[in-house]
């Protein structure tokens, strides 16, 4: 495959950033959800 | 001391379904984009960047439009529900990340096809300006004040900032640009693209859109809990201050 380095960086960075964002959002959410009263969480 | 325990769940069946759809679509994009789809006649393998570049750009546009719509709903609604403001903030945060990824992938693609990582081209420049505008929007959201003050000032900025999107999108038509014109949404209905390439691109758009929806739903829940904690701490501080004042008055008697 031509330009493999460029293509690998694009795919690698994009999916790493998305996974990092998902993990950060989940961990922040779980951390806060254990401290906030259920009445303030309409989705529960 | 007995510490109260609360339900630590943030996900719901809907967000789980959206997440599963995003994972399946993303797997398709990686396999389809890197292995299944053919090389482009002109660009060769560099076209594989398109399966990531176009969906991230689409999600960034979508995110900023959602921010503007949610801001308009906040301003126009009688109750000024803070839910609208949180959706606007969450969507802008996700949009900024996807816009930055669009610029990065575009820069690397440009290095292959144009021989340069960056050019002061109308599309590139207006896109960079859009990114800076929304970084500014997030900075304004971080300023002090009440939740209502935050919502009002950021809503006004969001409604002004969204006007840049047509400028970015049509910059390739209005000015001479290195950036190619729209291939799929060209308007004439004639899409000059191999079937597997088009399918992978569309699955990418669906997958990245699901990822965006999942992130915004979860992030606005995080913001809701942060706001709730802020209000609880404020209430506790006010109660403490009131109790101190009452003790002082009692001491004076």
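The values are calculated or read from the model by the stated rules, or taken from the named source; none is laboratory data. Since the structure is predicted, the reported quantities are computational estimates derived from the model, not experimental observations. Cβ placement follows ideal geometry from the backbone for every residue including glycine, while neighbour counts extend to all protein chains displayed.
Only one of the listed residues (B:60, B:128) is in contact (Cβ under 8 Å) with a residue 40 or more places away in the chain and under 28 Å from residue A:5 (Cβ atoms). That residue is B:60. Checking every residue in the range A:25-34 against the condition of being facing chain B (nearest Cβ under 7 Å) and more than 19 Å from residue B:215 (Cα to Cα) gives at least one match.
Sort through B:157, B:165, B:191 and tell me the only one that's away from chain A (no Cβ under 14 Å) and touching a residue at least 24 places away in the same chain (Cβ under 8 Å). Talk me through it step by step, then tell me what you get.
On the way: B:157 fails: touching a residue at least 24 places away in the same chain (Cβ under 8 Å); B:191 fails: touching a residue at least 24 places away in the same chain (Cβ under 8 Å).
Only one candidate qualifies: B:165.
The residues of the range B:75-87 that are crowded, with 16+ Cβ neighbours inside 10 Å and not in a helix (DSSP H, G or I) amount to a single one, B:80. Residues of the range B:63-74 that are touching a residue at least 40 places away in the same chain (Cβ under 8 Å), surrounded by fewer than 22 Cβ atoms within 10 Å (Cβ to Cβ) and over 30 Å from residue B:198 (Cβ atoms): B:72 alone. Please determine, by comparing only the residues of the range B:217-231 that are more than 8 Å from chain A (Cβ to nearest Cβ) and surrounded by 14 or more Cβ atoms within 10 Å (Cβ to Cβ), which one is nearest to residue B:87 (Cα to Cα). The extreme case among them is B:220. For the residues B:90, B:72, B:60, B:100, the requirement of being modelled with pLDDT of 95 or more, in a helix (DSSP H, G or I) and farther than 25 Å from residue A:17 by Cα singles out B:72.
In the range A:1-14, the residue that is farthest from residue B:14 (Cα to Cα) out of those that are under 21 Å from the mean Cα position of the chain (by Cα) and at the interface with chain B (Cβ under 7 Å from one of its Cβ atoms) is A:9. Of the set (1) over 15 Å from the mean Cα position of the chain (by Cα); (2) over 28 Å from residue B:45 (Cβ atoms), all apply to residue B:162 but (1).
Within the range B:7-16, can one find any residue that is assigned to a helix (DSSP H, G or I), surrounded by 14 or more Cβ atoms within 10 Å (Cβ to Cβ) and either more than 9 Å from chain A (Cβ to nearest Cβ) or in contact (Cβ under 8 Å) with a residue 40 or more places away in the chain (or both)? Checked against the condition, which is being assigned to a helix (DSSP H, G or I), surrounded by 14 or more Cβ atoms within 10 Å (Cβ to Cβ) and either more than 9 Å from chain A (Cβ to nearest Cβ) or in contact (Cβ under 8 Å) with a residue 40 or more places away in the chain (or both), the range B:7-16 yields at least one hit.
Residue-level check: of (1) facing chain A (nearest Cβ under 9 Å); (2) in a loop (DSSP other than H, G, I, E, B); (3) touching a residue at least 12 places away in the same chain (Cβ under 8 Å), residue B:49 misses just (2). Pairs are defined by a Cβ separation below 6 Å, a sequence spacing of at least 6 or placement on different chains, a first member in the range A:2-28 that is under 16 Å from residue B:49 (Cβ atoms), and a second member that is not in a helix (DSSP H, G or I); the pairs so defined are A:2/B:44.
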